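Read through the structure below, which is laid out as structure tokens, and then see the notes.
The values are calculated or read from the model by the stated rules, or taken from the named source; none is laboratory data. Bear in mind the structure is a predicted one, so any value in this text is a computation, not a measurement. Every residue, glycine as well, gets a Cβ built from its backbone with ideal geometry; the counts of neighbours run over all protein chains shown.
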Amino acid sequence: MKTALVIDDHPITHLGASRLLRDLGYERVAQAMTGEDALAQIGEGLAPSLIVLDINMPGTGGLDMISPLREALPSVGVLVFSMNDQTGFAARALQAGAQGFLSKHAPPADFRDAVTTLENGEFYLSSKQAVALATLRAGASADPLAALSDRERQVLGLIGRGLSLQAIADELGVSYKTAANTSSALKRKLDVDGINGLMKFALDSGV
């Protein structure tokens, strides 16, 4: 049975991706709201040939889930499907072991193309992303987000939404100290001052 697994914490994404995947011949489209849930299903015998994975989710973020997913299913194709379409995210996704990166802003035809490309054993990036990634690798541009860990991106995004450090700690299920240490690391890596500086950076970069 041709099987796919969609890992995303937004039900509307599950609905849209499932319909497109069934149109592409996937007889079973399993769903997981977190990476941990996905690994649990795989541990119980789920064996998809394709995984569609979001980046920002509760618990372990999508980019950090790529490695354990591929360890569990070495031959699986992983398509990262995210609202965060900065070049740095695409670069990190490919470095982590994904075979494709697609923006959620892309039209359905691009989703179909991405899935078909992965099924053929090839890597998928939109032409715009491919050019931007090539430019980045050539050193002609720099993306400060590329230096951040997945957890740091999560914290930066929550700061951009105006959450306090305690609220961020509660949202991520970590201690206040962990949230504060991550905030300090972000200020150092991004060379900004204070929470207001991080909030402005998050809003400007669209995290």
| task | Go through the residues of the range 86-99 one by one and say whether even a single one is crowded, with 20+ Cβ neighbours inside 10 Å, at pLDDT 90 or above and within 12 Å of the chain's Cα centre (by Cα). | result | yes
| task | Six or more apart or on different chains, Cβ under 7 Å: which pairs go from a residue in the range 152-164 that's without any contact (Cβ under 8 Å) to a residue 40 or more places away in the chain and among the charged types (D, E, K, R) to one that's in a helix (DSSP H, G or I) and surrounded by fewer than 18 Cβ atoms within 10 Å (Cβ to Cβ)? Could you list them? | result | 152/185
| query | Would you call residue 111 part of a strand (DSSP E or B) and hydrophobic (A, V, I, L, M, F, W, C)? | reply | no
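Residues checked against (1) more than 27 Å from residue 147 (Cα to Cα); (2) of a type in the set (Gly, Ala, Ser); (3) touching a residue at least 24 places away in the same chain (Cβ under 8 Å):
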| position | (1), (2), (3) |
| --- | --- |
| 19 | yes, no, no |
| 44 | yes, no, no |
| 65 | no, no, yes |
| 106 | no, yes, no |
| message | Give all pairs with beta carbons closer than 8 Å in which a residue from the range 170-194 that is without any contact (Cβ under 8 Å) to a residue 24 or more places away in the chain and assigned by TED's automatic domain parsing to the domain that holds residue 59 meets a residue that is assigned to a helix (DSSP H, G or I) and among the basic types (Lys, Arg); count only pairs at least 6 apart in sequence or on separate chains. | response | none
| remark: Considering the range 183-207, residues that are among the hydrophobic types (A, V, I, L, M, F, W, C) and not in a helix (DSSP H, G or I), and then whichever is farthest from residue 92 (Cα to Cα), we arrive at 192
| note | Going through the range 170-182 in order, the residues found to be among the hydroxyl-bearing types (Ser, Thr, Tyr) and either touching a helix residue (DSSP H, G or I) at 6+ places or on another chain (Cβ under 6 Å) or outside any helix (DSSP H, G or I) (or both) are 175, 176, 182
| Looking at 65, 57, which is the one that is outside the structural domain of residue 182 (by TED's automatic domain parsing), under 28 Å from residue 172 (Cα atoms) and at pLDDT below 85? | 57
| task | Collect the residues in the range 84-94 that are within 25 Å of residue 174 (Cβ to Cβ) and either small (Gly, Ala, Ser) or part of a helix (DSSP H, G or I) (or both), keeping them in residue-number order. | result | 88, 89, 92, 93
| message | Show me the helices (runs of 4 or more DSSP H) found entirely inside the range 5-83 where at least 1 residues are touching a strand residue (DSSP E or B) at 6+ places or on another chain (Cβ under 8 Å), over 14 Å from residue 98 (Cβ atoms) and of a type outside the set (Val, Ile, Thr). | response | 11-23, 35-43
